[in-house]
Structure formats: C-alpha cells, structure tokens
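Asker: Got a structure for you, questions after.
Each value in this text was obtained by applying a stated rule to the coordinates, not by laboratory testing. Computed from a predicted structure; not experimentally measured. Cβ placement follows ideal geometry from the backbone for every residue including glycine, while neighbour counts extend to all protein chains displayed.
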Amino acid sequence: MNQISQNAHVASTAIIHDGVRIEEDVVIHDYVVIYPGTVVKKGTEIFDHCVLGKPPVSPGITSRVLKDNYAPLVVGEHCVLSPGVILYAGTTIGDRNLFGDHCSVREECVIGDRCILSRNVSVNYNTKIGNDTKIMDNSHITGNMIIGDHVFISVLVATTNDNTMGREEYDPDHVYGAKIEDYVTIGAAANILPHVVIGRNAIVGAGAVVTKDVPENKVVMGIPAKVVRDVR
C-alpha cells in the first residue's frame, strides 16, 4: 500500500507502484514511473517521464553479477528531477539536488546534498559523490568511484574503472575508478583513468589524460597529464 501525502500533487498519468512513500509538497508530473518501495521526501519536484527506483536487470551477459534484491531508492528533500531522469534502486539521494534532463544514476550510489548533475550525465553503480559537487553535461562517472565535496567536473569528462578493458573476469579489487578529493576542478573533455587519486584542490586541464596520481594543490595538463605548476 502506498503512503502518499494529501499535500502531494501526483499527475493522473503517473504510475505509482506498491509500497511507495511520497511526502508532503511533492509534485509529480505526467508519465512518471515510480517502482516499489521508493521514498520521495518533502518538497521534491519530479518532471515528465522520470523513472524512479528502477531495478537493474541483465540477460546474463554482464560480467558483474547483479543482486536479487536492492534496497529502495530514497530521494531527499527539495530536489528537482528534470524530464527523463532515471534513478535506480538501492541509491540514496540527498537534499536540494538538481538533476538535468536525461541524466541517470545506477544502483547503490550515494549522492550528497546540493549537487548538480547536468544534462545527460551518467553515474554508474556503487559510486559516492559528496556535497556541493557539480558535474556538467555529457560527463560519465564510472562505477566504484569516489568523488568528494565541492568538486567541479566540466563537460564531456570521461572516467573509467578497468585497466584490462574487460579482458579479465570482473573483480572489485581491480575494477574501480578514480578517487577525486575535495575542491578538485576538472576541465572539459579530460579523461581520468582507473585507480588514480586526484588530490585535494588540484586542477586537471581541459583534454588532459590522467594516468597517475595528482598531488594536492597542483595543476596538471597534457597527454599524459603532468604537473605544470601549483594552484595559485
């Protein structure tokens, strides 16, 4: 049975499955689909064609084995989900986040408060993003990755998590993405390779390919990225 606040506004075309909890002042627009167990906290607005709590599925061809069951999706207070956003089961979204058109967040991710995920951003499984972080259009955040607080990631940034490029069986001990520490800035179209650590307050220049750790408070540029100066 659903728990829908009397102060919530739910469009007649929305599909709300069993066990969903929708708190006060939530607005749900046309053709939204919300899967069982999802929690939407007060004041959040969900625009047309969003899908919330989607369970991950596979026809048996993925190297990473999916679980039989995932915890419910939780969406925090006063978020805005633009048209076409897809949020998977097992993920927790903090308060006052803005998700742009058609961005997606896979299962078992944690996203903090006051973040922006802009248009067409994709966040893969089991990734953690801190507070006040901004990720701009068409960037991909890989699975098993950690991003800190107050990070800025520009457009078209690519991150990866497997140096074998799928040639070996999936093993979380070697399939994990970068760790990006607090206050890092990453320029447009940079590529961040697996396992690297980008230190606090570092800057990665546009188009750089980061193949090894970046010290804190340093600027790196180039292919491969090299330290060019201190952050001023």
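Asker: Would you tally the net charge around E169, using a Cβ to Cβ cut-off of less than 13 Å, leaving E169 out, and scoring K and R as +1, D and E as -1?
Answerer: Taking every Cβ under 13 Å from that of E169, the sum is -2.
Asker: Please figure out what share of the DSSP beta bridges in the stretch 142-232 is antiparallel and state it in percent, rounded to the nearest 5.
Answerer: Counting only bridges with both partners in the stretch 142-232, antiparallel ones make up about 20 percent.
Asker: Quick check: net charge around N126, other residues with Cβ under 12 Å of its Cβ, Lys/Arg +1 and Asp/Glu -1?
Answerer: Within the 12 Å Cβ shell, the charges total +2.
Asker: Give me the dipole magnitude in Debye, nearest 20, for the stretch 142-232 about the Cα centre, with unit charges on the beta carbon: positive for Lys and Arg, negative for Asp and Glu.
Answerer: 520
Asker: Is the stretch 65-212 best put as rounded, prolate or oblate by its Cα gyration tensor, with a ≥ b ≥ c the root eigenvalues, rounded for a/c under 1.5, and otherwise prolate when a/b is larger than b/c, oblate when not?
Answerer: Oblate, because a/c is 1.5 or more while a/b does not exceed b/c.
Asker: Through the Karplus equation 6.51 cos²θ - 1.76 cosθ + 1.60, θ set to phi - 60°, convert the phi angles of the stretch 198-204 into ³J(HN,Hα) values in whole Hz; use x for Gly and Pro.
Answerer: Karplus values, whole Hz, x for Gly and Pro: 9, x, 3, 6, 6, 10, 10.
Asker: Which peptide among 104-114, 2-12 comes first, and what is the full order, when sorted by highest mean count of other Cβ atoms within 10 Å?
Answerer: 104-114, 2-12
Asker: Which is farthest toward the positive dipole end of the stretch 6-135 among G100, V110, G53, measuring Cα position about the Cα centre, with Cβ charges +1 (Lys, Arg) and -1 (Asp, Glu)?
Answerer: V110
Asker: Peptides 173-183, 44-54: what's the order by average Cβ count within 10 Å, highest mean first?
Answerer: In decreasing order of mean packing, 173-183, 44-54 become 44-54, 173-183.
Asker: In addition: Rounded to the nearest 20 debye, what is the charge dipole size of the chain about its Cα centre when +1 sits on each Lys and Arg Cβ and -1 on each Asp and Glu Cβ?
Answerer: Dipole magnitude for the chain comes out near 640 debye.
Asker: Note the full-extension length gain between H78 and I15 as 0.36 nm times their separation in residues minus their Cα-Cα distance, in nm to one decimal.
Answerer: Working it through step by step, the gained length comes to 20.6 nm.
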